[in-house]
Amino acid sequence: AQSVTQLGSHVSVSEGALVLLRCNYSSSVPPYLFWYVQYPNQGLQLLLKYTSAATLVKGINGFEAEFKKSETSFHLTKPSAHMSDAAEYFCAVSDFSGTYKYIFGTGTRLKVLA
Amino acid sequence: DAGVTQSPTHLIKTRGQHVTLRCSPISGHKSVSWYQQVLGQGPQFIFQYYEKEERGRGNFPDRFSARQFPNYSSELNVNALLLGDSALYLCASSFDPADRGIGYTFGSGTRLTVV
């Protein structure tokens, strides 16, 4: 069965600093991985996805993530944090059962300090 | 184009009552999935429908049920509400869930509070 683990339920960075949000996955087959962002009182917005093509994936709002099979990781990064990046971020893996449901991590709340 | 539309946006119900949540997928999408997001946690899968048939069900009690209509909109029903059912209920839309590389599009959710 697939699963994801997000290390760090809360991350604080200064405006302009590097953002690094960690996600490790478990999968017996090549995974499809996603990062979603959730702003307060809103639904989930897709940031980027890994679908076994390029290992470095670029998404919206300057975010990118690198798939590392040897480390079973799919960490999300952004070179320079902006105040508007403050939100909750979820890593997800697509299940390989017939439902193709998403299995989400517990989320990381990003706080950006002025 | 309209995105995934969910109604109502907020709802307050009393324990033991019944609730119906609604979702309209993106035009052309034939699949709807429902997720429950309890405060402080990641979304948990409840149901998936494709072409009006149930594709899968998560680990939720039989009090939870859903259906998909010919126009691909969907309803999630919860009977005998418990305090623990208080959550944000999210609807996800896709053309075909088997196309796993696309990524689901989520609605803004319905915030259900059970008192």
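The values are calculated or read from the model by the stated rules, or taken from the named source; none is laboratory data. What you see is a predicted model; the values in this text were computed from it and never measured. No Cβ is skipped: glycine too gets one built from the backbone with ideal geometry, and neighbour counts run over all protein chains shown. These area figures cover heavy atoms from the full protein model, side chains too; ligands, DNA and RNA do not enter into them. Shrake-Rupley method; radii C 1.70, N 1.55, O 1.52, S 1.80 Å.
What to note about this one:
- Relative contact order (percent, whole number), the stretch B:57-115, Cα cutoff 8 Å, 6+ residue spacing: 30
- Shape category assigned to the stretch A:31-114 from the gyration tensor of Cα positions, a/c cut at 1.5: oblate
- Non-local lysine pairs in the protein assembly as shown, meaning eight or more places apart or on different chains, with alpha-carbon distances under 25 Å, amount to 20.
- For the stretch A:72-94, residues shielded by at least 20 square angstrom of accessible area compared with the chain on its own, probe 1.4 Å: A:F90
- The modelled label-to-label distance for the pair A:A1/B:K30, using points 7 Å beyond Cα in the direction of Cβ, is 3.0 nm.
- Residue with peak Gaussian network fluctuation, chain A [Cα springs, cutoff 10 Å], from A:S94, A:S52, A:S73: A:S52
- Label-to-label distance, A:L56 versus B:R22, with points set 7 angstrom from Cα along the beta-carbon direction: 4.8 nm.
- Spacing of the modelled spin labels on B:R63 and A:S9, each 7 Å from Cα toward Cβ, amounts to 2.4 nm.
- Using C-alpha pairs below 8 Å separated by at least 6 residues, the relative contact order for chain B is 37 percent.
- A protection proxy built from the mean count of other Cβ atoms within 10 Å ranks the segments B:81-88, B:107-114, A:83-90, most packed first, as B:107-114, A:83-90, B:81-88.
- One chain, two ends: B:K13 and B:V115. Fully extended at 0.36 nm per residue, the span grows by 36.1 nm beyond their Cα-Cα distance.
- In a simple Cβ point-charge model (Lys, Arg +1; Asp, Glu -1; nothing else charged), the protein assembly as shown has a dipole of about 280 debye relative to its Cα centre.
- Accessible surface of B:I26, taken over heavy atoms with a 1.4 Å probe and every protein chain present, rounds to 40 Å².
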